[in-house]
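Colleague: Okay, handing you the structure first.
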Amino acid sequence: MGKTDFSGRLIREKIKWKGCEAIRQTNGIVELISLAGGGHLASFRFVCRDGQPSPNVLWEAPWTIGDPDRAWSVDMSLQYGPPATGKFLSGFTGHALCIDYFGDPTPEKAAAGLGLHGEAATSRWRVLDAPEQRDGQCRWVVHLPISRLTFERKIHLLEGQSVAYVEETVCNERDTVHRCDWVQHVTFGQPFLSEGDCTLIASAQSGITSPLGYEGKSLLPNNRHFAWPFVRHEANESAIDLRLPFTIKGRGFLAGMKLEPGREIEFLLAVNWQLRLGVGYCFRRRDFPWMAVWEENCARQDAPWNGNTQARGMEFGTTPLPLAAEDALPGKQFSTTPRGCCVSARGKRTARYLMFLFTVPTEIHSIDNVVPAGDALCIYDTSEMASFSVPAEGCEVFLA
């Protein structure tokens, strides 16, 4: 790990995180760690909170992770599962990028050697600037020769703020328009996210559960339309509240949600009320109008899950569900919101979002909304009466 820094200086340094090559960025308030293998955002935390180190708010894989571009072996298949999924899982932790497609590859891409969630998450990324810098910016790039795309991510921290400004650009190396998916696979887990103490909030309107269930262990009925956040079981008239994580062990689920069409800026939040600690994302609806919600709660018994993994994904992007075949997606009656995005021939497309941490004031007992306004992220309770703010210089302009 890198050195603890309480001075407020902007630091970017090369480190090892759980044995993996990484870059640590800090401004003395927060620390963000990005992995060279797969480009995963592995850790986001307050450097110091109430005199103590703060927990990582992102999910940490309970298995040993490594560089996903290493040569595959029989032993790795035993540890991580078959290469079609294992190559992704062997390096997956925290916040992953799914670019070009979301879910399983087409037969053609599988034949070319690609697996779950696309080429970027199993490729080696490199830093464009010198790794050791006294500024708040880090620029990553990854070249995807099979997908014929180049992807760049800029992450910027400012002094005195608990916010990361992220700008991503995908470049099409083809001479034709390329249609693709682009999903931020944000995943939360213990010790930050736990049953009974936490709430997940999103600017969602309606959704549909996966038509394929969850490997025979779905918490939710298949192919069921619902209004966020409740999914009802017709058999017993009970309702599952998707804001509450890990309610029934041995179950999991997958659902796709349409985000609020009346908003220009969408959001998601995860709050631990016991710790009074929260994490959030704000992003432009024109970039990411959908969200997939995934939960694994000790349901999968095969490697590397091994029946002991808890993870909740709140995955905002250009499509609602990680289903490879277009005809397997929910019908058009679900929504007229477009799926996917197009990158012009030899062109590029850019998206932006904010990641932020916050302490919940003691007088706040619920959260329902986030609005970027000027130089702050304003967070409101369910009554829209009580609020607090997170300083974020230029956030409204950044997301405009």
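Colleague: Under a GNM of the chain (C-alpha, springs under 10 Å), which listed residue has the highest mean-square fluctuation: Glu31, Glu152, Glu363?
Modeller: Evaluated over the chain, the most mobile residue of the options is Glu363.
Colleague: Apply the a/c threshold of 1.5 to the C-alpha gyration tensor of region 40-174 and tell me whether it is rounded, prolate or oblate.
Modeller: oblate
Colleague: So if I place +1 on the C-beta of Lys and Arg and -1 on the C-beta of Asp and Glu, and nothing else carries charge, what would the dipole magnitude of the chain be about its Cα centre? I want it in debye, nearest 20.
Modeller: Here the size comes out at about 640 debye.
Colleague: If a/c stays under 1.5 just call it rounded; otherwise compare a/b with b/c (prolate if a/b is bigger, oblate if not). Do that for the chain, with a ≥ b ≥ c from the square roots of the Cα gyration tensor eigenvalues.
Modeller: It comes out rounded by the Cα gyration axes.
Colleague: Next up: At Thr106 and Glu264, where each label point lies 7 Å from the Cα along Cα→Cβ, what is the point-to-point distance in nanometres?
Modeller: Label at Thr106, label at Glu264, 3.6 nm between them.
Colleague: Give Lys18/Lys87; Lys14/Lys154; Lys154/Lys258 a once-over and call out the pairs whose C-alpha atoms are over 21 Å from each other.
Modeller: Pairs exceeding the cut-off: Lys154/Lys258.
Colleague: Hey, another quick one. Note down the magnitude of the dipole of region 244-320 about its Cα centre, charges +1 on Lys and Arg C-beta and -1 on Asp and Glu C-beta and zero elsewhere, to the nearest 20 debye.
Modeller: 140
Colleague: Could you give the length gained by full extension between His225 and Ala400, i.e. 0.36 nm per residue of separation minus their alpha carbon distance, to one decimal place?
Modeller: 59.8 nm
Colleague: I'd like to know which of Trp290, Ala311, Pro229 lies farthest towards the positive end of the charge dipole of region 222-370, counting +1 on Cβ of Lys and Arg and -1 on Cβ of Asp and Glu.
Modeller: The residue sitting farthest along the positive end of the dipole is Trp290.
Colleague: Could you give the length gained by full extension between Ala84 and Thr169, i.e. 0.36 nm per residue of separation minus their alpha carbon distance, to one decimal place?
Modeller: Extending this stretch completely gives an extra 28.0 nm.
Colleague: Cα centroids of region 38-81 and region 268-326: how far apart, whole angstrom?
Modeller: 16
Colleague: Here is a follow-up. May I ask which residue of Thr150, Thr336, Asn56 lies farthest towards the positive end of the charge dipole of the chain, with charges of +1 (Lys, Arg) and -1 (Asp, Glu) on Cβ and the Cα centre as origin?
Modeller: Going by the Cα projections, it comes out as Thr150.
Colleague: Dipole of the chain (Lys/Arg Cβ +1, Asp/Glu Cβ -1, origin at the Cα centre): which of Ala111, Gly94, Gly207 lies farthest to the positive side?
Modeller: Ala111
Colleague: Going by a ≥ b ≥ c, the root eigenvalues of the Cα gyration tensor, does region 360-400 fall in the rounded group (a/c under 1.5), the prolate group (a/b larger than b/c) or the oblate group?
Modeller: Prolate, because a/c is 1.5 or more and a/b exceeds b/c.
Colleague: Return the single residue from Gly113, Gly38, Gly313 with maximal mean-square fluctuation; model: Gaussian network over the chain, springs between Cα atoms under 10 Å.
Modeller: Answer for the Gaussian network model of the chain: Gly113.
Colleague: For the chain, what is the calculated [θ] at 222 nm in deg cm²/dmol (nearest 500), taking -39500 (n - 2.57) for each run of four or more DSSP H residues and dividing by its residue count?
Modeller: Taking each H run of at least 4 residues, the total per residue is -1500 deg cm²/dmol.
Colleague: Continuing with the same structure: Go through region 129-189 and name the trypsin sites (Lys or Arg not before Pro) that are in a DSSP coil and have 10 or fewer other Cβ atoms within 10 Å of their Cβ.
Modeller: Those satisfying the criteria are Arg134.
Colleague: Of all the accessible heavy-atom surface of region 14-149, with the other protein chains kept in place and a 1.4 Å probe, what percent is carbon and sulfur?
Modeller: 54
Colleague: Please compute the length gained on full extension between Leu244 and Val371, using 0.36 nm multiplied by the number of residues separating them and subtracting their Cα-Cα distance.
Modeller: Result: 43.5 nm gained on full extension.
The values are calculated or read from the model by the stated rules, or taken from the named source; none is laboratory data. Because the structure is a prediction, the values reported are computed rather than measured. Cβ: placed from backbone, ideal geometry, glycine included. Neighbour counts: every protein chain shown. Accessible surface areas use protein heavy atoms only, side chains included; no ligands, DNA or RNA. Shrake-Rupley method; radii C 1.70, N 1.55, O 1.52, S 1.80 Å.
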